[in-house]
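Okay, so here's the structure we're looking at.
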Amino acid sequence: MIDLKSAEDVSRMRAACAAAARVLHDLATLVVPGISTAGLDSAARGLMVRHGCESACHGYVVGRLSYPGYVCISVNDEIVHGIGAADRIIRDGDLVSLDVVVRRDGFIGDNARTVMVGAVDPRARQLCVDTEKSLMAGIAAVKPGNRVGDISAAIQEALTHGGYGIVRDFVGHGVGRKMHEEPQIPNYGKAGTGPKLLPGMALAIEPMVNLGSHKIVMASDGWTARTADGKVSAHFEHTVLVTENGAEILTLV
Ligand code: MF3
Ligand code: CO
């Protein structure tokens, strides 16, 4: 069952997503050489207070593990769910993926982007540009009557020319009172397949794309996913609402 948001739910989703977008926007400006990822995480904690929301990641439980950070910070070959650390210092040329998931008034806003620090390798730069483009292509496929597979296929199609590895082990998702609701939204797939999109659905669309192979390895912390081949990865995400006219992006600043 895919939850359909009421008008009341939608106004609360709007507020949560606006807060998530502001936190991500402000946090991105702090990503400069010399700061540690622990410094970014504690800055994010302060930004959430300022913007009237709380971390939905902190204390999030998967199996026997509870997520210790306030946001996810994934550097270079780290794909998603990286944990801030005092000894992980941002350097010129790094790709820093920030994933901000907040709760406000009982609803979740979820968004992510990869920040390029200074003089980034041209292929890594192109990866970021293309990953964001694939997100926008996926969002453009959101309209009532289309299916989840149309979003997946649009993302995949937007990435075909690059020879990239599209991550398969993590997917986009429905979002609302919980961070992860139905449906799952893979970043590859067949048009015309999967559940039908209806007005009132809220979706977090989030391509994760590697410069090399799609294969991942999990770090010993149980959270951080990195590329198996050590090449860099990018991640862009918006929360969108399905409306009569198409997608409304809720996580714009
Ligand atoms: N946007 C990520 C996701 O949808 C956020 C995960 S928060 C964590 O999976 F607590 F699981 F790290
Ligand atoms: Co998400």
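The values are calculated or read from the model by the stated rules, or taken from the named source; none is laboratory data. Please read all numbers here as calculations on a predicted model, not as lab measurements. With ideal geometry, Cβ positions are generated from the backbone for all residues, glycine too; neighbour counts draw on all protein chains shown. Accessible surface areas use protein heavy atoms only, side chains included; no ligands, DNA or RNA. Shrake-Rupley method; radii C 1.70, N 1.55, O 1.52, S 1.80 Å.
Normalised by the number of residues in the range 7-249, what is the relative contact order in percent for Cα pairs under 8 Å and 6+ residues apart? All intermediate terms of the calculation are to be shown ahead of the outcome.
On the way: 636 pairs, mean separation 50.6, N = 243.
After rounding, I find 21 percent.
The alpha-carbon of K5 sits under 26 angstrom from the alpha-carbons of these lysines, leaving out residues fewer than 8 places away in its chain: K143, K178, K196.
Relative to a virtual label point 7 Å from the Cα of K143 in the Cα→beta-carbon direction, which members of the range 218-253 show backbone nitrogen distances below 12 Å? Residues passing the 12 Å test: 243-247. For the peptides 110-121, 197-208, residues were scored by their other Cβ atoms within 10 Å and the scores averaged per peptide; the highest-first order is 197-208, 110-121. Carbon and sulfur together cover what percent of the accessible area of the range 7-249 at a 1.4 Å probe radius? On the range 7-249, the fraction of accessible area on carbon and sulfur atoms equals 51 percent.
Long hydrophobic helices in the chain: none of the complete DSSP H runs spans 30 Å or more by Cα along its own axis with mean Kyte-Doolittle hydropathy of at least 0.5.
Please give the per residue accessible area of the range 166-207, computed with a probe of 1.4 Å over protein heavy atoms only, in Å².
Averaged over the residues of the range 166-207, the accessible area is 43 Å².
Extension gain, L30 to R64, is 9.0 nm, computed as 0.36 nm per intervening residue step minus the present C-alpha separation. For the range 173-182, putting each phi into the Karplus relation 6.51 cos²θ - 1.76 cosθ + 1.60 with θ = phi - 60° gives couplings of 6, x, 8, x, 5, 10, 5, 10, 10, 6 Hz, in residue order, rounded to whole numbers and with x for Gly and Pro. Dipole check for the range 7-249: with +1 at the C-beta of Lys and Arg, -1 at the C-beta of Asp and Glu, and the Cα centre as origin, the magnitude is about 160 Debye. The calculated 222 nm mean residue ellipticity attributable to helices in the chain amounts to -9000 deg cm²/dmol, summing -39500 (n - 2.57) over DSSP H runs of n ≥ 4 and dividing by all residues. For T160, the accessible surface of its heavy atoms amounts to roughly 90 Å² (probe 1.4 Å, protein chains only, rounded to the nearest 10).
Estimated from the Cβ-Cβ distance and a Förster radius of 25 angstrom, the FRET efficiency linking D92 and D169 is about 0.25.
Judged by the ratio a/c of the largest to the smallest principal axis of the C-alpha gyration tensor, the chain counts as oblate, that ratio being 1.5 or greater while a/b is no larger than b/c.
Which trypsin sites (Lys or Arg not before Pro) does the range 17-77 hold that lie in a coil by DSSP with at most 12 other beta carbons within 10 Å?
On the way: sites: R22, R45, R50, R64; in loops: R64.
For trypsin sites (Lys or Arg not before Pro) across the range 17-77 that sit outside H, G, I, E and B with at most 12 neighbouring Cβ atoms in 10 Å, the list reads R64.
In this structure the range 1-98 gives 44 Å² per residue of accessible area when probed at 1.4 Å with all protein chains present.
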